[in-house]
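The values are calculated or read from the model by the stated rules, or taken from the named source; none is laboratory data. On a predicted model such as this, the values are computed, not experimentally measured, just so you know. Because the Cβ atoms are built from the backbone with ideal geometry, glycine has one as well, and the counts that use them run over all protein chains shown.
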Amino acid sequence: MDPLLDRLLAIEPGRYRVVSCYLRLSRDERAHRRYLTALKNRIRAVHDEAVAPDLARILEYVTSARALPPRAAGLAIFACEALHLFEAVPLARVHRTRVVVDDTPYVLELIALRQELGGVLATVFDRSHARFFLVGDESAMELEGLIQASRRGGGFDPDREDAPGWGERDYHHRLREERHRHCAAIAHRLQHLIRTHPARGIVLAGPRKEVAALIPFLPRDVAGRVLGTAALNPTAVSPAEVQVAALAIASEHDRAAEIRLVSSLAESIGAGWAVEGPRDTLHALARGQVRTLVARADLEGPGFRCAMSGRLVLAKADCDGEGEPRPVQDVVDEAVEEALRQGIEVVVVRDRAAAERIDGLAAILRFR
């Protein structure tokens, strides 16, 4: 546990009003400062005068582009004037932009991301060099690399007057042998790194021919973690360039995974292993049936929480016999928080074509 989480979790319920803000900062949101429009819309929906100064500070903070982490895909901000609290934490991912006011901070998304996501391991290599990086939201740390020493001459003929050379066949055989040895060493190093460094996946970068040659050498546990490939020069690339490329590939990988998940939903619904629509999804969430919660990025709206059962519902009448219905600002945000509380995977679909195929909320089930 880090000092910030210690402080946030130590806040006593019922004494203060704490603002928890999660802000998406992907490339799409940064374009034309769309993130700022999304945040302002969320702040307008908050009707709590006690936190107005905190909301103003958050808005002032994110309005300054200099305050934003340059490459992080998200930001968590926790504010409470009475506690002299204002903390901003860069994140590798944020499910959706949201602003929540409660008597305790909403830290489950922060905790889940820190447990679920490490950095991205990136290797940049050619036929004789391999550099390894652990890429995070704020920086890329270079790890120990590999250099493959060549044991062949400069060509078919000797590379000095009285040295023995090789014929063309032996020369190319030695080239293949050295490439294979180098690929095996890179694969072995990657296997060791994913066991010793928390990482969500691996990015392979280098000349296309060398990347293709490496893939057959990767053990199954390594090959299954590859997020994508890029063309980078290991002798010239900087850690910052590796970071930009690796985070872009990881983002694109997540987007493709979202589209595949949505494509498989119809079949799962037909087989009874998924439900669709806010009402059915919230019911399954309350029963503990949900394995993966799927939500449209543009979906928002008020709802209620039943006082006795704690169940999230769309209408007051749905709380019949379960206690007084208490209004919630955004039922989707509350559903995301509830899913995180249960340790459920949350997928927020942003691809427009894929999102149109979902009736707001959907869930893949653990049991029927």
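Suppose the filter is part of a strand (DSSP E or B), touching a residue at least 60 places away in the same chain (Cβ under 8 Å) and not small (Gly, Ala, Ser); does Val124 pass it?
It is true that Val124 is part of a strand (DSSP E or B), touching a residue at least 60 places away in the same chain (Cβ under 8 Å) and not small (Gly, Ala, Ser).
Evaluate region 186-195: report whether one residue or more is closer than 16 Å to Met141 by Cβ, touching a strand residue (DSSP E or B) at 6+ places or on another chain (Cβ under 6 Å), not assigned by TED's automatic domain parsing to the domain that holds Arg93 and not charged (D, E, K, R).
Looking through region 186-195, at least one residue is closer than 16 Å to Met141 by Cβ, touching a strand residue (DSSP E or B) at 6+ places or on another chain (Cβ under 6 Å), not assigned by TED's automatic domain parsing to the domain that holds Arg93 and not charged (D, E, K, R).
Quick test for you: out of Ala231, Ala240, pick the one residue that is more than 20 Å from Arg352 (Cβ to Cβ) and touching a Gly at 6+ places or on another chain (Cβ under 8 Å).
Ala231
Kindly evaluate Leu265 against the criterion of being on the phi < 0 side of the Ramachandran plot and part of a loop (DSSP other than H, G, I, E, B).
Judged against the criteria, Leu265 is not a match.
Among the numbered conditions (1) under 25 Å from Arg71 (Cα atoms); (2) modelled with pLDDT under 90; (3) not β-branched (Val, Ile, Thr), tell me where Arg179 comes up short.
(1)
Sort through Ala112, Ala76, Ala88 and tell me the only one that's surrounded by fewer than 20 Cβ atoms within 10 Å (Cβ to Cβ), under 23 Å from the mean Cα position of the chain (by Cα) and modelled with pLDDT of 90 or more.
Ala88
Which count do you get for residues in region 233-256 that are in contact (Cβ under 8 Å) with a residue 12 or more places away in the chain, surrounded by fewer than 16 Cβ atoms within 10 Å (Cβ to Cβ) and of a type in the set (S, T, N, Q)?
Going through region 233-256 one residue at a time, the tally reaches 2.
Conditions first: (1) free of Cβ contacts under 8 Å to residues at least 40 places away in the same chain; (2) in contact with a strand residue (DSSP E or B) (Cβ under 6 Å, 6 or more places away or on another chain); (3) more than 18 Å from Gly136 (Cβ to Cβ). Leu204 passes all but one, so which condition is the exception?
Leu204 satisfies every listed condition except (1).
How about region 10-67: which helices (runs of 4 or more DSSP H) wholly inside it have at least 2 residues that are basic (Lys, Arg) and closer than 17 Å to Thr97 by Cα?
Hits in region 10-67: 27-30, 34-44.
Yes/no matrix, rows are residues, columns are (1) within 30 Å of His197 (Cβ to Cβ); (2) among the small types (Gly, Ala, Ser); (3) touching a strand residue (DSSP E or B) at 6+ places or on another chain (Cβ under 8 Å):
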{"residue": "Glu49", "(1), (2), (3)": "no, no, no"}
{"residue": "Gly74", "(1), (2), (3)": "yes, yes, yes"}
{"residue": "Ala82", "(1), (2), (3)": "no, yes, no"}
{"residue": "Arg98", "(1), (2), (3)": "no, no, yes"}
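Exactly one of these conditions fails for Ala335: (1) exposed (fewer than 14 other Cβ atoms within 10 Å of the Cβ); (2) over 17 Å from the mean Cα position of the chain (by Cα). Give me its number.
Single failed check for Ala335: (1).
Output the qualifying pairs, or none if there are none: Cβ atoms under 6 angstrom, residues six or more apart or on different chains, first residue in region 1-17 and more than 14 Å from Ile111 (Cβ to Cβ), second residue in a loop (DSSP other than H, G, I, E, B) and at pLDDT 85 or above.
Close Cβ pairs satisfying both conditions: Ile11/Thr104; Pro13/Asp103; Pro13/Thr104; Gly14/Asp103.
Under 9 Å between Cβ atoms, at least 6 apart or on separate chains: pull out the pairs that start in region 318-345 with a residue that is within 24 Å of Ile364 (Cα to Cα) and end on any residue that is at pLDDT below 85 and β-branched (Val, Ile, Thr).
Every condition considered, the pairs that remain are Leu340/Ile111.
Looking only at residues that are among the β-branched types (Val, Ile, Thr) and over 19 Å from Ala257 (Cα atoms) in region 195-211, which one is surrounded by the fewest Cβ atoms within 10 Å (Cβ to Cβ)?
Thr196
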